Amino acid sequence: GADPNARDIDGETPLHAAAGSSKIPAVVQVLLDAGADPNAGDNYRKTPLDWAIEHNRTPAVIQVLQEQQQLLERPPKTGAQPDTSGEAGRRPRRPRRVATSKTGAQPDTRDEKGRTPLHQAAQNDQVEPIRDLLNAGADLNARDKYGKTPLHAAAWWSKTPAVVKALLNAGADLNARDKYERTPLHVAAGGSKTPAVVQALLDAGADLNTRDKYGRTPLHMAAWWSKTPTVVQVLLDAGADLNARDKDGKTSLDRAKEHNQTPAVIQVLQDQQQLLEKPPKVGPELDARDEKGQTPLHQAAQNDQVKPVRDLLDAGADLNARDKYGKTPLHAAAGWSKTPAVVQALLDAGADLNARDKYERTPLNVAALFSETPAVVQALLDAGADLNARDKDGKTPLDQAKQHNQTLTVLQVLQGQQQRRAPIIFEFLKRSRRLLRKALR
């Protein structure tokens, strides 16, 4: 009658212990046969397989766990429904692969936690089933009992940004809030081990410094929970506010020191703190040029460094300095930054939105050619960038995106803007014709 999924103070189950230290694969198999959950995460979200790989040097033990993982990931038979039986100790915390509309499942069937098949497909990295479920009419923003949408589920569990992008491209609410008022970016910052997932949310325009009900930003969540220093670094590089305080008056570094057991995470935050405390460059260094004629502001702008961009601007850096190709820092940000906050910082400081480089390209032309981040393109459009600006070859931003940009969503943003403007232009022309007729009478 012993519970094979009982947990100790560290959240570890008997299977964690066996996976980490046993040299006898049969011991692991006995626990699995008794219903031990191979996907159970401890307090640090480590599964038994993680433990086996990190601590156990017995290939046969690792093999048993890997085979069980493959068994759980095998697609169900045609017509199967997601497992909602609730049998104690036998249903894994991370759901099994789910049936899609092709296999007859109802697209919005709920389990005991209020999760739909779309939630389950999202957290199991199943891009094709996600598309099938959406085509079958699944609710893209369905909420589970904790208020989480499928995008929240993908943000926490998914190991690939493709799932997050598939949901966003279908229209998922990027800033949906769960019962704790946390957005998908909060969830990814605290739970994802994949920096590319966090980056995908940022690229889509997620609010970097939004607060949950406790006043915590995504950086607070990463500092408290994440064991992946590169996740923290992605947030910092995007311009996360290291000095933001939650409702208890704690900064992200405070939370990391109090709760996080990962020295590398604390170190990343401390390094950033020291960087922020350095006085900014002044005098000749401020606009020093490299071999391409770029200033520190060009370099910070194209490398997603929001805080250095703001510091350089505050110190008096030349906002519209030109490199050897005639590009300004806004050109650099438009083409190569993945962070719309960089573009916005330059625009807020008064950057020339329609400056032309030596090829007669505006920042929007450059974004259309090179940017992989639709939110950057949208920031330029929202600021009033000229959608009809032509370069020296007579190409508009839309022409350039169609011919050279491999990022479909960038093209969609430009096409959407074109379609929104068309009726306005048409109405303007009609009114102009009416006024002309009246003047000629």
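Structure data summary
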quantity	calculated
3J(HN,Hα) from dihedral phi, segment 4-17, Karplus parametrisation 6.51/-1.76/1.60, rounded to Hz, x for glycine, proline	x, 10, 4, 10, 8, 5, 8, x, 8, 9, x, 5, 4, 4
FRET E, pair ASP139, ASP318, Förster distance 45 Å, beta-carbon r, rounded to 0.05	0.35
Filter on LYS159/LYS257; LYS227/LYS327; LYS227/LYS307 - keep pairs with C-alpha separation over 29 Å	LYS227/LYS327
Per-residue Cβ neighbour rank within 10 angstrom, fewest leading, THR328, THR262	THR262, THR328
Projected label distance in nm at ASN43 and TYR359, using a 7 Å step from Cα toward the beta-carbon	5.5 nm
Extension gain from GLU181 to ASP8, taking 0.36 nm per residue of separation minus the Cα-Cα distance	59.3 nm
Segment 165-268: chymotrypsin sites (Phe, Trp or Tyr not before Pro) in DSSP loop, at most 15 other beta carbons within 10 Å	TYR180, TYR214
Sequence-distant residues sharing a close amide H with GLY215 (under 5 Å, placed H)	LYS247
Inter-label distance for GLN403 and ASP348, nm, one decimal - labels placed 7 Å from Cα along Cα-to-Cβ	3.6 nm
Hz values of 3J(HN,Hα) by residue in segment 170-184 - Karplus curve (6.51, -1.76, 1.60), Gly and Pro given as x	7, x, 4, 6, 5, 10, 4, 10, 8, 5, 9, 6, 9, 8, x
Local net charge near SER371, Cβ-Cβ under 13 Å (Lys/Arg +1, Asp/Glu -1)	-1
Loop-located trypsin sites (Lys or Arg not before Pro) in segment 306-383 whose Cβ has at most 12 other Cβ within 10 Å (DSSP)	LYS324, LYS358
Contour excess over end-to-end distance, with Cα ends at ARG110 and ASP173 and 0.36 nm allotted per residue	20.7 nm
Phi to ³J(HN,Hα) by Karplus 6.51 cos²θ - 1.76 cosθ + 1.60 over segment 210-227, Hz, x for Gly, Pro	5, 10, 8, 5, 9, x, 8, 8, x, 5, 4, 4, 5, 5, 7, 10, 5, 9
Burial ordering of GLU112, GLU67, fewest other beta-carbon atoms within 10 Å first	GLU112, GLU67
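Throughout, read-outs are computed from the coordinates displayed, never taken from laboratory work. Every value quoted in this text rests on a predicted model; they were computed, and no experiment measured them. All Cβ positions, even for glycine, are placed from backbone atoms using ideal geometry, and neighbour counts span all protein chains on display.
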